[in-house]
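One structure is given below, encoded as structure tokens.
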Amino acid sequence: MLYYSLKRLGLAVAIVSVAMLLLFTMIYLIPGDPAAVALGPRATEAMREALRIKMGLDQPVWIQFWNFFVNAWQGDLGNEVLSDRPVAKVVMEQLPATLALIAGGMVWSVALGIPLGCWTAVKRGGMADRIVGVFSVAVIAVPSFVVAIYALLIFAVTLRWLPAIGAGEPGDLGDQLVHLILPSLAVGIGWVGYIARLVRASMLEVLEASHIRTARAFGLPDRQVTYRYALTIAILPTVTLLGVGIGQMLSSAVFAEIVFARPGVGKLVYDAILTRNYPLVTGAVLVTTVLFILINLIADLVVGYLDPRVRSRL
Amino acid sequence: MSEAASRAYGSLRRILAEPLGMLGVVLVLLMIGGAVFADLLAAAEPNKISPRDRFLGPSLTHLLGTDQLGRDLFSRALHGGRIALSVALISTAASLAIGVVLGLIAGYGPRWLDNLMILLFDAIKSFPTVMLALALVTLFGPSLTAVMVVVVLVNVPGYGRIIRTQTLALKSAQFVTAAQSMGAGTVRVLRVHILPNVIGPLLILASMDIPVVVAIEAGLSFLGLGVRPPTPSWGAILNDGFTAIRDTPWIAIAGGLPIILITLGFTFLGETLRDVFDPRLKRQG
């Protein structure tokens, strides 16, 4: 397990490094002068020159990359253009709101997906199985921003059951939770489908296993066999999938934050693009990417811990 | 009827025999037909501004209503299909071409190159899609080209990995060794002996990825970072509708409906294709 963990950790560090290199290359390759873009058309040449030196753009490429690389690993992502605050700090301030949204999405997807998958596996081939099957495919297919807008239209504008904008009163947990319902539904509903399908498939496999047959042969009640012995094993692949899922929910969260006017990293990046706040955009992209890699690392370690067979596959 | 034609006919019948496959084919044909014959189906010009007809609800003259500039939404939705489908086709074709070449190189080339490619694929995949898209659009400036670059970057790692795995498996197959020993060069081995064996499942996966591509285009256009106004795009209509959602919900409905229909259509079709032609893929989820 230690060997596996170290190897997996090494891989994660390598991926983060390559991702940084890619991001730097993208920034470097763009036509035009980042300082000019950041300052807008009305800036004087002297102002641009000053910003260029401040951003280190007057130095050779490899030194620029080295500085970017070393600083980024130390958590220094440079300063944003508008208020000159450290990018890392600005992004970290917005991160909890986004994480809350993703957590909400996970609650939706797990709370609906696992029972649906389990239920359809037990009732395989029946009408309910078919309906849930089509439903799963449908919610996976439809983009989350369309779900977000339609949910806003139906539940907030037309029916007025739930609030349309904002994250709720600070300090009022109940209000914040109510404001979380619709956006997290938009973020999580696609994953209800994924999880239901995955749990169904792996349940079907597990239900055939010999230890389940043995349990049945011993006369244990059906309910106990299904939920206690089969489901605990069938749920394993979901853990890996959730790792990937959180990354995709990060993407959906961008839209949900904009549609429901919530604070968060997605809204931050979007506003930063509109104000040409370059370093903030790349910084936030890097933070979310590292977060995603980290989550996958944790998911893989958990699965490696639970299922020793995985360890030899790396 | 030639053998190939009768085989194609047989597969089509198998797809249409599935209710979901049938629905998928109908939806896809409907959306493609709507995009191709947009000029015939919609009498109104998609970009014709008519201030007197602002914010009209759905009626017989304007099937989906009009937007804040009095433009006919039905016509805009049909013409938006052209943008969505051409972006989907061009960028999927480009991702397939690049993914296949990189995958073959990774699978057939030396070990270090393989490791390097896999690391590169994993690194690209580790960017959350929308974040990567936002970063690229900031750098390139909003345009259709930027949207397509995003799609290619998002798709290539997946395609490359699949081709690579299958190429690795075929690399030491007997017919490949035979070809090599008869003096076939690397390019010939890859083109004649490996490619035809690995491309099938990839095409099915690519057809299932079309909804994702449509969603990326529409999503970026919704954020105002895709196609430039006044070009009709589903995402742009959705954005117009979102701004006016409290008073005139039909604009948002007109923008979202085609996105829902086309993503469902291609997904149902792709699922059926997969089940009919390659049941092995199903287990990989």
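The values are calculated or read from the model by the stated rules, or taken from the named source; none is laboratory data. Predicted model only: the values in this text are computed from it and were never measured. All Cβ positions, even for glycine, are placed from backbone atoms using ideal geometry, and neighbour counts span all protein chains on display.
Observations on the model:
- Residue check, A:VAL132 buried (at least 17 other Cβ atoms within 10 Å of the Cβ) and more than 12 Å from every other protein chain (Cβ to nearest Cβ): yes
- Any hit, the range B:195-218, residues being among the small types (Gly, Ala, Ser), surrounded by fewer than 16 Cβ atoms within 10 Å (Cβ to Cβ) and farther than 30 Å from B:THR263 by Cβ: no
- Residue selected from the range A:253-270 under the condition more than 12 Å from A:ALA148 (Cβ to Cβ) and more than 8 Å from every other protein chain (Cβ to nearest Cβ), by the criterion surrounded by the most Cβ atoms within 10 Å (Cβ to Cβ): A:VAL265
- Condition check for B:PRO157: within 14 Å of chain A (Cβ to nearest Cβ) and assigned to a loop (DSSP other than H, G, I, E, B): no
- Condition check for B:ILE251: modelled with pLDDT of 80 or more and farther than 19 Å from A:SER144 by Cβ: yes
- When A:VAL269 is tested against (1) without any contact (Cβ under 8 Å) to a residue 24 or more places away in the chain; (2) farther than 30 Å from A:GLY166 by Cα, only condition (2) is not met.
- Helices (runs of 4 or more DSSP H) fully within the range A:226-314 that include at least 1 residues being under 27 Å from A:LEU185 (Cβ atoms): A:231-234, A:236-259, A:265-274, A:278-306.
- Here the range B:88-117 is the region considered, the condition is being within 14 Å of another protein chain (Cβ to nearest Cβ) and in contact with a helix residue (DSSP H, G or I) (Cβ under 7 Å, 6 or more places away or on another chain), and the residue that is surrounded by the fewest Cβ atoms within 10 Å (Cβ to Cβ) is B:MET117.
- When residues in the range A:282-302 are screened for being modelled with pLDDT under 85 and over 15 Å from A:GLY245 (Cα atoms), 2 of them pass.
- Any hit, the range A:294-304, residues being over 30 Å from A:LEU177 (Cβ atoms) and in contact with a Pro (Cβ under 8 Å, 6 or more places away or on another chain): no
- From the options A:LEU280, A:LEU250, residue that is facing chain B (nearest Cβ under 8 Å), in contact (Cβ under 8 Å) with a residue 24 or more places away in the chain and buried (at least 20 other Cβ atoms within 10 Å of the Cβ): A:LEU250
- Among the criteria (1) in a helix (DSSP H, G or I); (2) touching a residue at least 60 places away in the same chain (Cβ under 8 Å); (3) within 14 Å of chain A (Cβ to nearest Cβ); (4) not small (Gly, Ala, Ser), the one B:PRO211 does not fulfil is (2).
- In the range B:122-148, residue farthest from the other protein chains (Cβ to nearest Cβ) [restricted to those that are crowded, with 23+ Cβ neighbours inside 10 Å and touching a residue at least 40 places away in the same chain (Cβ under 8 Å)]: B:VAL147
- Checked against (1) of a type outside the set (D, E, K, R); (2) crowded, with 22+ Cβ neighbours inside 10 Å; (3) touching a Leu at 6+ places or on another chain (Cβ under 7 Å); (4) at pLDDT below 90, A:LEU306 passes all but condition (2).
- Residue in the range B:224-231 that is surrounded by fewer than 20 Cβ atoms within 10 Å (Cβ to Cβ), within 12 Å of another protein chain (Cβ to nearest Cβ), in a helix (DSSP H, G or I) and not basic (Lys, Arg) present: no
- Of everything in the range A:283-314 that is among the polar types (S, T, N, Q) and within 12 Å of chain B (Cβ to nearest Cβ), the residue that is nearest to A:ASP84 (Cα to Cα) is A:THR288.
- Note on the range B:199-253: residues that are hydrophobic (A, V, I, L, M, F, W, C) and more than 20 Å from the chain's Cα centre (by Cα) total 7.
- Matching entry among A:PRO183, A:PRO163, A:PRO170 (being within 20 Å of A:GLU257 (Cα to Cα), assigned to a loop (DSSP other than H, G, I, E, B) and touching a residue at least 12 places away in the same chain (Cβ under 8 Å)): A:PRO163
- For the range B:1-45, filtered to residues that are at pLDDT 80 or above and assigned to a loop (DSSP other than H, G, I, E, B), the residue that is farthest from B:LEU73 (Cα to Cα) is B:GLU18.
- For the range B:61-74, filtering for residues that are touching an Asp or Glu at 6+ places or on another chain (Cβ under 7 Å) and in a helix (DSSP H, G or I) leaves 1.
- Those residues of the range B:98-156 which are under 21 Å from A:ALA14 (Cβ atoms) and among the hydroxyl-bearing types (Ser, Thr, Tyr), in sequence order: B:SER126
- Matching option when the condition is within 30 Å of A:PHE24 (Cα to Cα), in the same structural domain as A:ILE27 (by TED's automatic domain parsing) and among the hydroxyl-bearing types (Ser, Thr, Tyr), among A:SER83, A:SER144: A:SER83
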